[in-house]
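Asker: I'd like to ask some things about the structure below.
Bear in mind that the values in this text are calculations on the coordinates, not laboratory data. If you're wondering where the values come from, they're calculated on a predicted model, not measured in any experiment. Here the Cβ is made from the backbone with ideal geometry for all residues, glycine too, and neighbour counts use every protein chain on show.
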Amino acid sequence: MSYTPPVFAFSPACARLALFAALTLGSLTQAQEVSGPVAVDAHVEEVFQTLHSDSRVSNGLRLLQENEAETLAEQVRLTEIPAPPFREDARAQYYLQQMRQRGLADAYIDTEGNVIGLRKGSGDGPLFVIAAHLDTVFPPDTDVRVERRDGRYYAPGIGDDGRGLTVLLSVIDVLNRSAIDTVGDIMFVGNVGEEGPGDLRGVKAIFRDHPDIDGFVSIDGTGLTRVTTGATGSRRFAVEFRGPGGHSFSAFGLVSAIHAMGRAITKIGDLEVPGQPRTTFTVGTVAGGTSVNSIAADAVFELDMRSNDAGELAKLEARVREVTQQAVEEENARWDHNGEITVNFRLIGDRPVGNTAPVNPVVQVAALAYQAVGSPLQELRTSSTDSNIPMSLGIPAITIGGGGESGGAHSPEEWFAPTDSHLGPQLAFLLTLGLVGIEGLTPPLMLRQ
């Protein structure tokens, strides 16, 4: 999971502004402020409190707390199954078995590699997806054995997203053990391709294959203070330079792919971007050439561009293309067109921009669920997660943490501490029930699309 600084932070003014917007749009009636940056409709709170007071829900919350030791043991088992980008198969097969053992007998792996289990509702309710990602950022030979030291569990991927995957299994288990029938359908997903080069391929496939989805929540990482309601967009390219190449001495004066690439990187590095909306770029890798005594026939760099605004991202890409072409022309002119360098932008990553408004019931129910588990929501943030895809499609989506504490994400020294970690599964349990409704007790608070 990649992070950019929050664009929403709590203040009374922020909450009043959200409420005013909601009332202006006719979205809410009799709204009230809750702890955090979200104004909640009176009807939403009434339904949620009815749900929260139900004995079956109370029993489920108790079971989640009592089972946290086993939840943590499952987190360790999952973490120790390697799941590098595009090679999540072993973990997916294990995850499929765990879904089936917890009552989702028809769970399956789709053509993209996602593990999907559907828990049918009892009526004509919404289709809700709750997901966690199977993949990690680490190569296949990474040592993923978990080591416990001083109350912490150390292993690559144990928090991101070993925790989210485990929380999902806990919710499946307790829903069945609590004998709760929901109105809406719940699709539980262990998805591939969230990290880096995966380019959100798992969730892209989910929304391609299931166009009737009404809402989405991803559980990614740890903590219980923030909700991701905005999607940082990104465009990633392999920028490829080609030329004739030749001997460094006898062919001197020939255009060089590496020299052209260097000119382009220098120009990109001099670009200015706005601080708000936050917009960034970096050349992350470079490669090319044949040997120290060869004029390079090829060169490539990988470029990452991000923004919280689609328009700014498009402007940055256009400017990068422009200065890169200028660099190629300068290299060709420098050697009096002795050979020709060409450049190609090959798209290797495309994560769209989007957002879910704070007035949406998905965000409102999340705020109530945070408050109910004793960890009031502190801020709404913008980040790059699996929720980018539904947000960009106009489908309500958020990303939450799975509880506990962690550090060192994406590093070999990643760690997880189970401090009040049972609150993560409890949050996901309450949020799910609030959105899909309990048969005979509460209506779904998630809107049909």
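Asker: Two-decimal Rg/Rh of region 233-351 from alpha-carbon positions, Kirkwood Rh?
Answerer: Across region 233-351, the Cα-based Rg/Rh ratio is 1.04.
Asker: In region 292-449, how does Rg compare with the Kirkwood Rh, expressed as the Rg/Rh ratio over alpha carbon atoms? Present the calculation step by step, with values, prior to reporting the outcome.
Answerer: Values: Rg = 24.0 Å, Rh = 20.3 Å.
Reported Rg/Rh, Kirkwood definition of Rh: 1.18.
Asker: Let me ask something additional. Determine the dipole magnitude for the chain: charges of +1 sit on the beta-carbon of Lys and Arg, -1 on that of Asp and Glu, nothing else is charged, the reference point is the Cα centre, and the result goes in debye to the nearest 20.
Answerer: Once rounded to the nearest 20, the dipole reads 220 debye.
Asker: Relative to the present Cα-Cα distance, how much length would full extension add between N59 and R177 at 0.36 nm per residue of separation?
Answerer: Result for the pair: 41.5 nm of gain on full extension.
Asker: Consider a paramagnetic label point 7 Å from the Cα of N344 along Cα→Cβ; state which residues of region 220-260 have an amide N under 17 Å from it.
Answerer: 237-245, 257-258, by backbone N distance to the label point.
Asker: Between Q326 and A417, what is 0.36 nm times their sequence separation minus the Cα-Cα distance? Round to one decimal in nm.
Answerer: Here the answer is 27.6 nm.
Asker: Around Q75, with a cut-off of 11 angstrom between Cβ atoms, what is the net charge of the other residues, counting Lys and Arg +1 and Asp and Glu -1?
Answerer: Surrounding charge for Q75 is -3.
Asker: Quick one: compute a quarter of the convex hull surface over the Cα atoms of the chain and quote it in nm².
Answerer: On the way: hull surface 92.1 nm².
The number I arrive at for the chain is 23.0 nm².
Asker: Computed FRET efficiency, Cβ-Cβ of A251 and A318, R0 22 Å: what is it to the nearest 0.05?
Answerer: 0.05
Asker: Sticking with this one: Go through V129, Q364, A397 and say which Cα lies farthest out towards the positive end of the charge dipole of the chain; charges sit on Cβ, +1 for Lys and Arg, -1 for Asp and Glu.
Answerer: Q364
Asker: How long is the gain from D124 to L393 if the chain were fully straight, where each residue apart is worth 0.36 nm and the alpha carbon distance is subtracted?
Answerer: Full extension of this stretch gives 94.6 nm more.
Asker: What's log10 of I(q)/I(0) for region 33-159 at q = 0.11, 0.19 Å⁻¹, Debye sum over Cα points only, no solvent?
Answerer: So the normalised log intensities are -0.60, -1.18.
Asker: Now for a separate question. Averaging sequence separations of C-alpha pairs under 8 Å and six or more residues apart, then dividing by the length of the chain, give the relative contact order as a whole percent.
Answerer: 25
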